[in-house]
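Read the structure below first, then the notes.
The values are calculated or read from the model by the stated rules, or taken from the named source; none is laboratory data. Please read all numbers here as calculations on a predicted model, not as lab measurements. Because the Cβ atoms are built from the backbone with ideal geometry, glycine has one as well, and the counts that use them run over all protein chains shown.
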Amino acid sequence: MKKLHSWQVTPTEARIIQTRLHSDVIETRLPDNLKLVAGADISYDRGSDILYAAIVVLELSDLHIIEIATAVTKVNFPYIPGLLSFREGPAVLKAWEKLEYDPDVVIFDGHGLAHPRRFGLACHLGLWLDIPAIGCAKSRLIGTPTEPDRERGAKASLMAGEEMIGIVLRTRSAVKPVFVSTGYKINLVEATELVLRCTKGYRLPEPTRQAHLAVNKFRQECYK
């Protein structure tokens, strides 16, 4: 891991950090021998200062789960759209430290470059972990979307002015699309292809879908 900054910052300081670190985001082609893909998700109760995180590692070849890591932390940052990585990042990193396997790429339930300062959760944690990272969000944060055709695999551009910041991807026919954007060490074409490859009959790709199931199960177990 690269420790990029302290997590004890104000919202103003967080925005400055995002703007500064955006220049370190790189887009490259993925290696040819990808084997393991991870998904990360967060869960919490409204009004609570406790966050639960889960990371699920799957075999890319058949999307079989091989490992689940969880963590619970106390929140030290307010809920502010565009700054959620400062709220959720420490919990995800705590879960990541428990992994026995090293994923080749990770999909986050959040945005990458499709972000006001082009530094969403997938960029932030991809850079911190130095791993190829993809943002795959259920809703749009910024940009002007174009509705893709209704069949699975259809895609359209997510634009911010003249800049293409992501892809609106239909992962299941006649179901709401997801919003894919580059996080770190991957290009948008390969990010979109990998998300589609990881979907298996549901709207969400299996890594983040399984992470969502795992983190909610973990949260419920913590209540017992």
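Tell me, which strands (runs of 3 or more DSSP E) wholly within the stretch 124-224 include 1 or more residues that are charged (D, E, K, R)?
Answer list for the stretch 124-224: 155-160, 163-169.
Please list, ordered by first then second residue, the pairs with beta carbon atoms under 7 Å, 6 or more apart or interchain, first in the stretch 16-31 and more than 12 Å from G120 (Cα to Cα), second part of a helix (DSSP H, G or I).
Filtered contacts from the stretch 16-31: D24/L127; R29/E190; L30/E190.
Just need a number here: residues in the stretch 47-98 that are out of contact with any helix residue (DSSP H, G or I) (no Cβ under 9 Å at 6 or more places or on another chain), farther than 20 Å from E221 by Cα and not hydroxyl-bearing (S, T, Y).
The qualifying residues number 8.
What number goes with the only condition from (1) within 24 Å of P11 (Cβ to Cβ); (2) at pLDDT 95 or above that T70 does not pass?
(1)
Any chance you could count how many residues in the stretch 84-117 are under 15 Å from the mean Cα position of the chain (by Cα), surrounded by fewer than 20 Cβ atoms within 10 Å (Cβ to Cβ) and part of a loop (DSSP other than H, G, I, E, B)?
The total comes to 1.
I'm trying to understand the selection: among the residues of the stretch 154-177, which are out of contact with any strand residue (DSSP E or B) (no Cβ under 8 Å at 6 or more places or on another chain) and touching a residue at least 24 places away in the same chain (Cβ under 8 Å)?
R172, A174, V175, K176
Could you tell me whether Y202 is free of Cβ contacts under 8 Å to residues at least 40 places away in the same chain and in contact with a helix residue (DSSP H, G or I) (Cβ under 8 Å, 6 or more places away or on another chain)?
So Y202 passes the test.
Being within 21 Å of P78 (Cα to Cα), more than 18 Å from the chain's Cα centre (by Cα) and not in a helix (DSSP H, G or I) is the filter here; which residues of the stretch 5-46 pass it?
H5, S6, W7, Q8, V9, T10, D45, R46
Name the residue that is surrounded by the fewest Cβ atoms within 10 Å (Cβ to Cβ), counting only residues in the stretch 154-195 that are charged (D, E, K, R) and under 18 Å from V106 (Cβ atoms).
Checking each candidate, the answer is E193.
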